[in-house]
Amino acid sequence: MTEESGAHGAAERPKPGTQSVDRAIAVLRSFEGVARQTPTEVAHRLGLSVSTAHRIVRALHDTGMLGRDALSDRYYLGPTAAILGRLALERMGATLLQPELSALRDGTGEAVSLGVRVGDEVAVLLHLPSAHPLRYDQPPGARNPIHGCAMGKALLAFEDGVVTLPERLPRYTPSTLTTRAELEGDLARVRQRGFSLNEEERIVGVRAVAAPVRDGSGRVFAAVALQGPAVRFGADRMPALAEAVLAAADRLTALHRHLPGG
């Protein structure tokens, strides 16, 4: 074996501890969809052995990442997770951007979300619900497929580099863009007009409009969106909603540039 081939083989071997880290992250993420669960429920949810789930849950509890209800033996996201989450939002500037998001929500009457890219998904950092009884809600921490939501397409259209998504994309509604060619065509239109649209591509009856938010270096780090029922997001109203989102994105960008570390 040559030195080159030996180095290549070593690079391909999994790094020690990677599986344990991946499993611990998976356990923590399993609490995105359920508030409290036992280690056995975690095991069934993730396809782990019960003994493995118990070991990981106990370790996370020891660090404060998980809390435990002694009566039910159910675990929940703990104080360390809460502190880290709050610090992450603050250091990304998300919490300081909330007044501007509130102004956008109050000015349009529609739900507002701020999201960031995490792989091939968009993670919701902040969500301000509409006051309308008929509305679209998604809690902070919710994740949406990047090709099937307005925030995702705003992020893809203006990020550096090329779109690295598969040729075929999952379908969620009859309006979902299911090929990379369709998506790239839509992203070209997004770049031309400055904002993205979701025309019932993720959930039938829900539309959205989004625009990118940049940091002090000019890099797109987040997207802001207005979301609501299709009956209130018709062609007659969409230009005004798009204008409101674009103006809010510009203000959020300007504000973020003046934040510490922005």
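So the values come out like this:
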quantity: Subset tally (residues that are basic (Lys, Arg) and surrounded by 13 or more Cβ atoms within 10 Å (Cβ to Cβ)) for segment 60-89; calculated: 2
quantity: Selected residue (only one of VAL231, VAL190, VAL206 is touching an Asp or Glu at 6+ places or on another chain (Cβ under 7 Å) and either more than 30 Å from LEU87 (Cβ to Cβ) or among the hydroxyl-bearing types (Ser, Thr, Tyr) (or both)); calculated: VAL206
quantity: Those residues of segment 188-199 which are crowded, with 20+ Cβ neighbours inside 10 Å and either in contact with a Lys or Arg (Cβ under 9 Å, 6 or more places away or on another chain) or without any contact (Cβ under 8 Å) to a residue 12 or more places away in the chain (or both), in sequence order; calculated: VAL190, SER196, LEU197, ASN198
quantity: Leading residue by the ranking (surrounded by the fewest Cβ atoms within 10 Å (Cβ to Cβ)) among those in segment 35-59 that are farther than 17 Å from ASP22 by Cβ and hydrophobic (A, V, I, L, M, F, W, C); calculated: ALA35
quantity: Long-range neighbours under 6 Å by Cβ, at least six apart or interchain, first residue within 16 Å of SER175 (Cα to Cα) within segment 125-151, second among the aromatic types (Phe, Trp, Tyr); calculated: GLY148/TYR172
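For (1) modelled with pLDDT under 95; (2) in a strand (DSSP E or B), each residue gets a yes or a no:
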site	(1), (2)
VAL163	yes, no
LEU177	no, no
ARG202	no, no
VAL213	yes, yes
VAL224	no, yes
ALA240	no, no
ALA247	no, no
ARG251	yes, no
GLY261	yes, no
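The values are calculated or read from the model by the stated rules, or taken from the named source; none is laboratory data. These numbers were taken from a predicted model, which means no experiment stands behind them. When we count neighbours, we look across all protein chains shown, and the Cβ atoms used for this are built from the backbone with ideal geometry, even at glycine.
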